[in-house]
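As structure tokens, the structure follows; a few thoughts come after it.
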Amino acid sequence: MTGIVVGVDGSAGSAAALRWAVSEAARSDREVVAVNAWTYPGTGMTADEVRDARRRALGELADQVRDEGPGVKIRTEVVEGDPVDVLLSTADGAAMLVVGRYGYGRISRALLGSVGAQCVRRAQCPVVIIPAARGDRHPLAAMEAVPRPIL
């Protein structure tokens, strides 16, 4: 696959990453694969309900950014699993992997880890980190029982 893989978790940073990826894909004539990796939060919804809600939310976000790159194919994937593993697996053979940055400080990053940092260390393709953008969170972000980055 020579497309651009972008991790989307509903944060403003991941929405900015998707927008950037779509505009880059328009310039380079590539496909965008928007990936939402998740783990079952045990919130009273079934895993199927969570997966379906995430698919709808990711599809809505993809529809919102299509204007950034008219003609760019955006494929969406919702995959249950560890975000780093899911992104690295999906990006195997990709032109690049794009993720948003949350803006955590050095101490928080050291304690919590960073999906972006792990992707930079382990990916076999270039990794682009897009700074967190200001704005409202997308409905995908509300799907987590405990607020924590899944991407």
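The values are calculated or read from the model by the stated rules, or taken from the named source; none is laboratory data. Remember, predicted model here, so these are calculated numbers, not experimental data. Every residue, glycine as well, gets a Cβ built from its backbone with ideal geometry; the counts of neighbours run over all protein chains shown.
Considering every residue within the range 85-106, establish whether at least one is at pLDDT below 80 and outside any loop (DSSP other than H, G, I, E, B).
Checked the range 85-106: at least one residue is at pLDDT below 80 and outside any loop (DSSP other than H, G, I, E, B).
Somewhere in the range 4-25, is a residue farther than 16 Å from ILE130 by Cα and in contact (Cβ under 8 Å) with a residue 12 or more places away in the chain?
Scanning the range 4-25, I find no residue that is farther than 16 Å from ILE130 by Cα and in contact (Cβ under 8 Å) with a residue 12 or more places away in the chain, so the answer is no.
Determine whether PRO83 is buried (at least 19 other Cβ atoms within 10 Å of the Cβ) and of a type outside the set (A, V, I, L, M, F, W, C).
Here the answer is yes, as PRO83 does meet what is asked.
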